[in-house]
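Reviewing the structure listed below.
The values are calculated or read from the model by the stated rules, or taken from the named source; none is laboratory data. These numbers were taken from a predicted model, which means no experiment stands behind them. Here the Cβ is made from the backbone with ideal geometry for all residues, glycine too, and neighbour counts use every protein chain on show. Ligands, DNA and RNA are excluded from the accessible area calculation, which covers all protein heavy atoms including side chains. Shrake-Rupley method; radii C 1.70, N 1.55, O 1.52, S 1.80 Å.
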Amino acid sequence: MKRFLYLLALGLLPLASCDNELMLEPYNSISTPQAFKTESDFSNAIRGAYAGLRGSSYYGGQDAGSMIITPDILADNLIINSQGRKSQQTYFNYNYTPNGTWGGLWNDAYTTINRANFILENIDNLSDGDFKNNVKAEALALRGLAHFDLLRVFAARYEGATDSNLGVPYVTSTDPNQLPSRTSLKESYNNVVSDLTTAAPMIGASNGLGRLNTAAVNALLGRVYLYMGQWQNAADASTAALQAVPAANGLASIAEFPAVWMDASEKGVLFKVKIVDADATPVGVGYGQASPAGVRPEYTPTFELVNEYTSSDVRKNVYIGQTKFNGFDFNYVKKYAGRASGNANVVDVKVIRTAEVYLNRAEAYYNLGMYDKALNDLNMIRSNRYADFNAATATETGQNLYDAILKQRRLELAFEGHRFFDLKRLGLPVERSTSGDRIDGTGAAPAVAGIPAGSSLFQLPIPQYEIDVNDNITQNDGY
């Protein structure tokens, strides 16, 4: 952490001594007091904090790890394709090493956190009012989100945790000399909740594309409570999120759904990471690459998962395409193939959507014994995904209702980086398909069948460079 914060702090030091403010360099190359003075300064700074999410191993990642593919690779939604480049093969085979397993996420997330902390440390340079409240809330929410993502990857599941379980360093200072130890798991989660609950009433209802707002912060809070097993809080936060969603941006219908993944519609998207061609961030490359010879899949949806999507399910053709490559027929993930125009594989990354909020609340309601409400939320999803949906026959109860909620969660959020974390938080094993990578289920099957529930492999190793520079960091077991 010291190494990382030191490098970040260097960017805020003067390039040369100068008393004339008119001759100073831009805000990210000057001293902190000069960088945070005006509303314009803070607007630039919050944009920089959001840009941290586009890190090459975070939401903007591809082969070096990415929040939109790596958790699916680690789970049972994908199989490595025999015709691909074997990218992220160490993840797929669980060959973790402290020197080479998703270490960039640590840097990228703490970049976002540090930028948010610079804003929070200087926020009182602004006059009281809506602008100050909104920027402060955005910074708090970003700090909470980044820490939560680190917890999902590097810490154990929350439910069943003891006071001795470790989370990640919860960093609230920009001091480059700090050597923080890992905050306890429970305290880490409590800090995430604190940042999000503080942000929720202060943040603006509409901050524009690619920025957090009231609905998005409450939606993220509902997600965190779901991971904590705090069902009533999860239901309440999800309800607050849905109440804050403008009617025009509610759940995407069957007709509207395809346009969402081409960035031709924002329907049902509460928060996303904006990516334009100039960013040179083709997030879809980790899934496959188009060529005159066909799409070359890196990872293929498993034969069994593809068959879980019925022909009347709009998600089947939106999420999954078919291709012939090197003489073989394959399914491939086309969710991130790109927009109607522009560079291939460049699309915005949807961090949280209205559909997830309904599914989060449905699971919370079920665990609260509020089965009718859980079924209503489940059917809200199904009625907007299946052309032949019939509410009269969609009346599951008991275990069948719970299983249906989890099934729709898997189908709706496939290839968005949820599956590994869902199995982990639910205390379930990774049980992979024995089918092969080709469209008919033949071909190369996974070399590793999965991992048992509670395995230490559900916690990835802390990057070795962090261990090397910070004696206060404890490595995860097994590494």
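Structure notes:
- Scanning segment 28-64 for residues that are open to solvent by less than 50 Å² (accessible area, probe 1.4 Å) and either among the aliphatic types (A, V, I, L, M) or farther than 21 Å from R143 by Cβ (or both) yields S29, I30, S31, A35, A45, I46, A49, A51, L53, Q62.
- Segments classed as helices (runs of 4 or more DSSP H), wholly inside segment 11-106, with at least 2 members that are hydrophobic (A, V, I, L, M, F, W, C) and modelled with pLDDT under 95: none
- Residue in segment 233-245 that is open to solvent by less than 30 Å² (accessible area, probe 1.4 Å), under 18 Å from N191 (Cα atoms) and free of Cβ contacts under 8 Å to residues at least 40 places away in the same chain present: yes
- Every listed requirement among (1) within 16 Å of A141 (Cα to Cα); (2) open to solvent by less than 10 Å² (accessible area, probe 1.4 Å); (3) without any contact (Cβ under 8 Å) to a residue 60 or more places away in the chain is met by L185 save one, (1).
- Condition met for I119 (closer than 22 Å to I451 by Cα, crowded, with 20+ Cβ neighbours inside 10 Å, of a type in the set (A, V, I, L, M, F, W, C) and at pLDDT 95 or above): no
- Some residue of segment 401-415 being of a type outside the set (K, R), part of a loop (DSSP other than H, G, I, E, B) and at pLDDT 95 or above: yes
- Boolean, G160 is within 19 Å of the chain's Cα centre (by Cα) and under 23 Å from K424 (Cα atoms): no
- In segment 444-479, of all residues being assigned to a loop (DSSP other than H, G, I, E, B) and in contact with a strand residue (DSSP E or B) (Cβ under 7 Å, 6 or more places away or on another chain), the one that is farthest from A109 (Cα to Cα) corresponds to P446.
- Positions within segment 51-83 being out of contact with any Ser or Thr (no Cβ under 6 Å at 6 or more places or on another chain) and of a type in the set (V, I, T), in sequence order: I68, I69, T70, I73, I80
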